[in-house]
Amino acid sequence: MEETNATTFAALAEERFFAGMAESHCAALAATADIVSVPVGHRFFEEGAPAQQFWLLRSGRVALDLQVPGRGAVVVETLPASSMLGWSWLFPPHRWRFGAVAAAPVAAFRFDGGGVRELCAADLRLGYDLALRFGAVMLDRLEATRVRMLDLYAHPEELR
C-alpha cells in the first residue's frame, strides 16, 4: 500500500460527501487523513476486527463481504468511487460488521477513526454534521439492500 500525508481542506472539499461542510470542520478532518493507493485484492478489514479507520474512495471499487458458514466470504455489495467505506469506527464496540477487499485498484482518503471521534467529542457541531452525513450513507445502503431483497424474493407475477 502506498501512502502520503498530503490531505488538505481543498482536496476534501472537492468530494461530494463533504459538500457544504464548514471549512473549519473539513480542515480538522483533513488533519486526521492521509491518501492511500492499494492494489486489487488488498484487504481493508476483516469482519469482527477492531474498526479504527474509514476511507473515502476517490477511485476504484471495494467489495463488502460477509462470512457465511460453509460458503466463506460472500460479496454483499460493491462500492464505487466517491463512496464512504466503513462506519463501524463510529459505533461501539468499534468492530467491523463486514469485510472489505479492493475489487479494482483504489485511491482513497484514509481517516483515523479514533482521532475523528475525539474531534467530534470536542466539537458537537462537527459530530452532528458527520452523524447526519454517515446516516445518509447508511440510509442509501439500506435502500439498496431493500431493492436487492425485492429482486431476490419477489414472485415473478409481482414483477409484471
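For the range 109-152, the fraction of 1.4 Å probe accessible surface lying on carbon and sulfur atoms is 64 percent. Would you work out what percent of the accessible area of the range 63-108, with all protein chains in place, is carbon or sulfur (probe 1.4 Å)? Carbon and sulfur together cover 64 percent of it.
Could you tell me which of rounded, prolate or oblate describes the range 8-79, using a ≥ b ≥ c as the square roots of the eigenvalues of the alpha-carbon gyration tensor, with rounded for a/c under 1.5 and, failing that, prolate when a/b is larger than b/c and oblate otherwise? Prolate shape, in that a/c is at least 1.5 and a/b is the bigger ratio. Across ARG117, ARG133, the residue with the most accessible area heads the list, and the full order at a 1.4 Å probe is ARG117, ARG133. Legend: Rg and Dmax of the chain, from Cα coordinates, 16.8, 55 Å. The trypsin sites (Lys or Arg not before Pro) of the range 23-113 that meet both conditions, a loop assignment by DSSP and at most 12 other Cβ atoms within 10 Å of the site Cβ, are ARG71.
Considering only SER59, VAL147, ALA121, and ranking their Cα positions along the charge dipole of the chain that arises from unit charges at the beta-carbon of Lys, Arg, Asp and Glu, the one farthest toward the positive end is VAL147. Model label sites at ALA11 and LEU124, defined 7 Å from Cα along the beta-carbon direction, differ in position by 3.3 nm. Heavy-atom accessible area, probed at 1.4 angstrom with all protein chains present, ranks MET84, MET149 as MET149, MET84, highest first.
Normalised by the number of residues in the range 26-160, the average gap of Cα pairs under 8 Å and 6 or more apart makes the relative contact order 31 percent. Only helices enter the 222 nm calculation for the chain: every DSSP H run of n ≥ 4 contributes -39,500 (n - 2.57), and dividing by all residues gives -10500 deg cm²/dmol, rounded to 500. The heavy atoms of TRP87 present about 60 square angstrom of accessible area, all protein chains included, probe 1.4 Å.
Put simply, the amide H of LEU79, placed in the peptide plane, has neighbours under 5 Å in VAL62, ALA63, LEU64, leaving out anything fewer than 5 places away on its chain. Measuring between their Cα centroids, the range 25-95 and the range 96-115 lie 3 Å from each other. Net charge in the neighbourhood of THR32 (other residues with Cβ under 12 Å of its Cβ; Lys, Arg +1, Asp, Glu -1) is -1. With all protein chains kept in place, the per residue accessible area of the chain amounts to 56 square angstrom at a probe of 1.4 angstrom.
The values are calculated or read from the model by the stated rules, or taken from the named source; none is laboratory data. The structure presented is a predicted model; accordingly, all values stated were derived computationally and were not measured. Using ideal geometry, Cβ is built from the backbone for each residue, glycine included, and neighbour counts are taken over all protein chains shown. Please note that ligands, DNA and RNA were not included when accessible areas were found on the heavy atoms of the full protein model with its side chains. Shrake-Rupley method; radii C 1.70, N 1.55, O 1.52, S 1.80 Å.
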